Amino acid sequence: MELDKSIAAVAKGLYAVVLFCIQMQSIKEVLSKDQVGKKVGVRGWIYRTRSSGGIVFAVLRDSTGLVQVTVKKGAVPDADFESSTKAGIESSVEIEGEVAEDKRAPGGYEVRASRFKLVGASEAFPITEYQSTELLLDLRHLWIRSREQTAVTKIKASLVRGGREWFHDNGYTEVNPPIVTGVCPEDSTTLFQLKYFDRIAYLSQSAQFYLESLIYSLEKVYAITPSFRAEKSRTPRHLAEYWHMEMEAAWVDNDGNMKVQEELVSAMVRNAVSECSDELKLLKRDPATLKKIEPPFDRMKYEEAMEFLQKKGHDVSWGSDLGAVEERTLTVDREVPVFVINYPKELKPFYMKENPEDSRTYKNSDMLAPEGFGEIIGGSERETDNALIIERLRDKGESLDSYQWYLDLRKYGSVPHSGFGLGIERIVTWVCKLEHIRDAIPYPRTVARVYP
Ligand code: NSS
């Protein structure tokens, strides 16, 4: 009797070893014709499950996809079958079984289990089909497991990788500017202040000035950093913390700057379309539309944009800012991004280069994404005349103390140069056709939320 027990224990131990020795495969690998009839190991989380008679139909999810697993009483040890009936949604499991073709199963194949191991049981999952936006934001740490959020995250990674590769292929060096700074490149009302030892510092709004300092040695640089804006209004396109892809290059004017932007954005989108067509489809985004994103993009003067908007019934005139509503009108019927160039000086920051053809305006551009999405990039040629910069900083009420180093850059071998900043969540919102920018980042930071 004792002997039987110990033999059983050894056999059980051996089985466990065997179970763990079987090569685990991703669901994507399992879902293919040449796996049919083969024994495979898969692991992941229960996406949905139901049982009928002596069979449990569980759909398993891992980072690569979904697969149906059938667990039949008698085909697995009794304890395994028992576990499979108890394993609720989001339980983590390991399965061993044989792949079979099944047209009704998601992906067209299923795994017929010979073993079923419950690794981590899940309590009743708090997210069910219809939930309020607020609840989903409170449960963001769990909601990010959803297929939609997973798809967005993969597409975002692919866009960023496409951008990095483009920069690398075109001779740019990636650099690491600081996040804690003493300067305010953009709107001073959106600065986040921070107690920094015994003084005040700010969270970076943009790496631009630091990138400008690096062109004197590296000529062409870029950085991907978080940027912070204390945006007090809640809008579907503003975050308090967002990821910023910024570039700066010596010897480049505003036209050259726009060429870089259209090349870069096209390369990013191309990469996402080639790597993530399944994810785009899951989000109901037709990759065919995105395949049209190729340079050159149209250029429209601010002045022309005003005329267009007036014809469309907007109450705007010279000096009016372009908000979400105006940008929507400008882009809703377009399939490819468009540049709006030469904005009036009063609408843009102090560091931009005056337009010699129209001194009311700057040599700058905003790139607006099509289909109504609006601004994804802001860029300009930079002012190189220190006297003008000082005058504009004074007008803005800035103390020059924090900017001495920036002014130095114009004293020691200044060159014409340009750069831009691309809002990564903005491009994701457009490419994924999201209604709200908060879904372009796992943990959106807005005026109302720092939890979770
Ligand atoms: O304010 S920008 O228009 N321009 C700059 O920060 C420059 N200093 C960048 C540079 O030339 N290096 O911001 C750039 C982009 C803008 O076009 C948006 O796509 C994005 O940054 N952006 C935002 N995304 C999400 N949330 C907020 N609040 C936000 N603000 C700007």
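The values are calculated or read from the model by the stated rules, or taken from the named source; none is laboratory data. None of these values were measured; they are calculated from a predicted model. Here the Cβ positions follow ideal geometry from the backbone for every residue, glycine too, while neighbour counts run over all protein chains shown. These accessible areas exclude ligands, DNA and RNA; they are computed on the full protein's heavy atoms, side chains included. Shrake-Rupley method; radii C 1.70, N 1.55, O 1.52, S 1.80 Å.
Values as computed for the structure displayed
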{"quantity": "Boolean, residue 415 is surrounded by 13 or more Cβ atoms within 10 Å (Cβ to Cβ), over 18 Å from the mean Cα position of the chain (by Cα) and more than 19 Å from residue 225 (Cβ to Cβ)", "calculated": "yes"}
{"quantity": "Residue tally, condition in a loop (DSSP other than H, G, I, E, B), more than 24 Å from the chain's Cα centre (by Cα) and either without any contact (Cβ under 8 Å) to a residue 12 or more places away in the chain or more than 19 Å from residue 282 (Cα to Cα) (or both), over the stretch 91-149", "calculated": "13"}
{"quantity": "Residue 135 being of a type in the set (A, V, I, L, M, F, W, C) and open to solvent by 50 Å² or more (accessible area, probe 1.4 Å)", "calculated": "yes"}
{"quantity": "Wholly within the stretch 333-427, strands (runs of 3 or more DSSP E) carrying at least 3 residues that are farther than 17 Å from residue 299 by Cβ and either in contact (Cβ under 8 Å) with a residue 40 or more places away in the chain or out of contact with any Phe, Trp or Tyr (no Cβ under 7 Å at 6 or more places or on another chain) (or both)", "calculated": "417-423"}
{"quantity": "In the stretch 425-452, the residues that are closer than 16 Å to residue 149 by Cβ, of a type in the set (Val, Ile, Thr) and out of contact with any Pro (no Cβ under 9 Å at 6 or more places or on another chain)", "calculated": "428, 431, 441"}
{"quantity": "One residue from 307, 294 being surrounded by fewer than 18 Cβ atoms within 10 Å (Cβ to Cβ) and in contact (Cβ under 8 Å) with a residue 24 or more places away in the chain", "calculated": "294"}
{"quantity": "Residue 127, sole failed condition from (1) of a type in the set (A, V, I, L, M, F, W, C); (2) open to solvent by less than 30 Å² (accessible area, probe 1.4 Å); (3) under 20 Å from residue 271 (Cα atoms)", "calculated": "(3)"}
{"quantity": "Residue count for the stretch 190-237, restricted to those that are assigned to a loop (DSSP other than H, G, I, E, B), within 10 Å of the ligand (Cβ to nearest atom) and modelled with pLDDT of 95 or more", "calculated": "7"}
{"quantity": "Residues within the stretch 87-124 that are acidic (Asp, Glu), closer than 14 Å to residue 46 by Cα and surrounded by fewer than 17 Cβ atoms within 10 Å (Cβ to Cβ), tallied", "calculated": "1"}
{"quantity": "Counted residues, the stretch 52-64 - those being modelled with pLDDT of 95 or more and in a strand (DSSP E or B)", "calculated": "8"}
{"quantity": "Residue satisfying all of: in the stretch 238-272; of a type in the set (D, E, K, R) and farther than 18 Å from residue 440 by Cβ; farthest from the ligand (Cβ to nearest atom) among these", "calculated": "270"}
